[in-house]
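A short write-up of the structure that comes next.
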Amino acid sequence: MKAALLLLLMAVSGSASAIQEVNLRLDDGDAAEAGQDPASFTVTRTTNGNLSQGITVHVAVDGSALIGTDYDRPGVNWIGDNLYWIGIPANQTSITITLTPVLDMLEDEGDETIIVTLLDKAAEYTVGEPTVVSMTILDFQQIIFRDSFEE
């Protein structure tokens, strides 16, 4: 009886698994201040559920590189602290985020990292693997230093 009721509820609501899974994919983890060579990652959602509505994905952004100082962040919207949201528009299954380094010309800054972590919002979506991607921004001064020793 309970199984029949569950099947009836699934038929009426459309699906018992309408909550989508969200995944991260690292597209290009190597960025550089020289030439402002960007890094990029993609946030993808499964096709379960209703794609006619957009979805808001929450992420934590950490690492030694600072948003707005060391790289630009179009498509990544600040919530507070190190928390951000990324919107996947209606009728799309993914969105690619490109992070462009800022050429700051600081001496001995060193290479910097950007670490993006998917945050689980069980009521809205579940998190698939991998949950973390890491990118590196090569420092302009470090590139000049390395190139001078290779010649």
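At 0.36 nm per residue, and after removing the present C-alpha to C-alpha distance, how many nm does the segment from D37 to I67 gain when stretched out fully?
Gain on stretching D37 to I67: 9.2 nm.
If you rank L138, L99 by how much accessible surface each has, with a 1.4 Å probe, what is the order from largest down?
L138, L99
Tell me the Rg and the Dmax, in Å, that the Cα atoms of the stretch 31-114 produce.
Taking only Cα atoms of the stretch 31-114, I get Rg and Dmax of 14.9, 50 Å.
Using the basic label-point model (7 angstrom from Cα toward the beta carbon), what is the D30 to N77 distance in nanometres?
3.4 nm
The values are calculated or read from the model by the stated rules, or taken from the named source; none is laboratory data. Computed from a predicted structure; not experimentally measured. Virtual Cβ from ideal backbone geometry, glycine too; neighbours counted across all protein chains shown. The area values use the complete protein model at the heavy-atom level, side chains included, leaving out ligands, DNA and RNA. Shrake-Rupley method; radii C 1.70, N 1.55, O 1.52, S 1.80 Å.
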